[in-house]
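K.L.:
Before I ask anything, here is the structure I am working with.
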Amino acid sequence: LFRLVALYRSFPTRLLSRAWGRLNGVELPNWLRKPVYSLYIWTFGVNMQEAAVEDLHQYRNLGEFFRRRLKPAVRPLCANSCLISPADGKILHFGQVKNSEVEQVKGVTYSLENFLGPQKRRSNDSTSSFRDLLLSSPDNDLFHVVVYLAPGDYHCFHSPADWKVELRRHFPGSLLSVNPGVARLVKELFCLNERVALTGQWQHGFFSLTAVGATNVGSIRVYFDQELQTNVPRYNKGSFHDHSYVTIDGQSLKADGEGGVVLQKGAAVGEFNLGSTIVLLFEAPKDFSFSLQPGQRIRVGEGLGSL
């Protein structure tokens, strides 16, 4: 089994994903569109009645079809919950973060520090655990939710709360499959894969949304960040690249250090070019409780939990 995993990890998934991306952009002749998309719809159980454009001939290539928009009314936002699902998909995991380790699937964990990268220390206290570094109050806890998007799901992701994004951290990496079956076998899978972590603050303190790439998801787009480019050859795996929305060349945008990108609950944030995963890590009062079941299907706008 170990050899199989090692062999899989050595596979040129980034190159394959780039090739798939090019294929996705090839314009299909009109007569071929319906049969190709119909096969995809049938294979992955896509609900085209929710699509803003139901006519398959309107999608010029596979990429446009994957990134199809939905009719505005089909994803109402839950008003009772301060936190809503950022994507359509399946809930793989949720709960409190213990010992700075997070579960990617049952029994398989990854390090929070490897996943988010180093953070600024709030004080000279070097004894704090990584988890404690993120918390602004001892009365709060750190929570996480993992949503897996399958190939047939809607591929845009939305803001799960009212919050302010202060930093984008891009980790070039592998593009291994994030299918739960693979996630069981490859430890630290979410730390190996290319990902874009948006971090900032919400009403209860630290908040982050991380879009994790996967095989054939060479492209992760963030609508408010035109500079971001993912799965491009010039980046080395194992590095990360920061872009601050609060400062430009180290200078605060405003004298009081305010700044950042303000997102409203439910606002469209970005898109994947196929199925993938969204990981939310956030600070909240200890009595925050999830209204979820592991493995359940969820849609954009549905409540994740409440205080």
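Residue-wise test of (1) of a type in the set (Ser, Thr, Tyr); (2) out of contact with any Phe, Trp or Tyr (no Cβ under 8 Å at 6 or more places or on another chain).
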site: 43; (1), (2): yes, yes
site: 50; (1), (2): no, no
site: 54; (1), (2): no, yes
site: 58; (1), (2): no, yes
site: 63; (1), (2): no, yes
site: 78; (1), (2): no, yes
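K.L.:
Here's a follow-up. Which of the numbered conditions does residue 219 fail, given that it passes all the others? Conditions: (1) buried (at least 17 other Cβ atoms within 10 Å of the Cβ); (2) at pLDDT 75 or above.
P.N.:
(2)
K.L.:
Somewhere in segment 276-286, is a residue at pLDDT 95 or above and acidic (Asp, Glu)?
P.N.:
Yes, there is a match, as at least one residue in segment 276-286 is at pLDDT 95 or above and acidic (Asp, Glu).
K.L.:
If you don't mind, there's one more thing I want to ask. Quick check on my filter: what residues within segment 75-103 are modelled with pLDDT of 90 or more, within 18 Å of residue 294 (Cβ to Cβ), among the hydrophobic types (A, V, I, L, M, F, W, C) and outside any loop (DSSP other than H, G, I, E, B)?
P.N.:
Residues satisfying the conditions are 83, 91, 94.
K.L.:
Moving on. How about segment 12-74: which helices (runs of 4 or more DSSP H) wholly inside it have at least 1 residues that are modelled with pLDDT of 85 or more and surrounded by 11 or more Cβ atoms within 10 Å (Cβ to Cβ)?
P.N.:
30-44, 62-66
The values are calculated or read from the model by the stated rules, or taken from the named source; none is laboratory data. Just so it is clear, the structure is predicted and the values come from calculations on it, not from any experiment. So basically every Cβ, Gly included, is an ideal-geometry build from the backbone, and we count neighbours across all protein chains shown.
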